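Enquirer: Please see the structure below; I have some questions.
The values are calculated or read from the model by the stated rules, or taken from the named source; none is laboratory data. Since this is a predicted model, take the numbers as computed values, not measurements. Note: ideal-geometry Cβ built from the backbone for every residue, glycine included; neighbour counts use all protein chains shown.
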Amino acid sequence: MAKLSETELQQAMQNLPGWSVRDNAIERNYKFADFVAAMVFVNRVAERAEQAQHHPDIDIRYNQVKIALSTHDAGGITQKDADMAAKIAAIG
């Protein structure tokens, strides 16, 4: 899968409110009421990631979860990342 061009990336980001581009990845921070709620969200993300065979970087800090997506084989952000971000956004 090819890395998105700058124009393609800008178009993809218009459909991903709350997500931003940082360090050659797209990322979003989520905040939950407590640790348990954060873990429920992470487990739902894991289910979607397994189905898509595309796994995000997940950083959990008590009730805060940071999701980052990048296609390492392509050296940056691909349509696969934008699609996975949309699936994650639908969860939380």
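Enquirer: For Asn24, state whether it is under 14 Å from the mean Cα position of the chain (by Cα) and more than 15 Å from Ala89 (Cα to Cα).
Expert: Working: under 14 Å from the mean Cα position of the chain (by Cα): yes; more than 15 Å from Ala89 (Cα to Cα): yes.
When the stated conditions are applied, Asn24 passes them.
Enquirer: Within the stretch 18-33, count every residue that is more than 9 Å from Ala85 (Cβ to Cβ), outside any strand (DSSP E or B) and either modelled with pLDDT of 95 or more or among the basic types (Lys, Arg) (or both).
Expert: 3
Enquirer: Can you tell me how many residues in the stretch 38-92 are among the aliphatic types (A, V, I, L, M), in a helix (DSSP H, G or I), surrounded by 16 or more Cβ atoms within 10 Å (Cβ to Cβ) and in contact (Cβ under 8 Å) with a residue 40 or more places away in the chain?
Expert: Just the residues of the stretch 38-92 that are among the aliphatic types (A, V, I, L, M), to begin with: 38-40, 42, 45-46, 49, 52, 58, 60, 65, 67-69, 74, 77, 82, 84-86, 88-91.
Subsequent filtering for residues that are in a helix (DSSP H, G or I) retains 38-40, 42, 45-46, 49, 52, 74, 82, 84-86, 88-91.
Those still in the list that are surrounded by 16 or more Cβ atoms within 10 Å (Cβ to Cβ) too: 38, 42, 45, 49, 82, 84-85, 88-89.
With the extra rule that they be in contact (Cβ under 8 Å) with a residue 40 or more places away in the chain, the set shrinks to 45, 82, 85, 88-89.
So the count comes out to 5.
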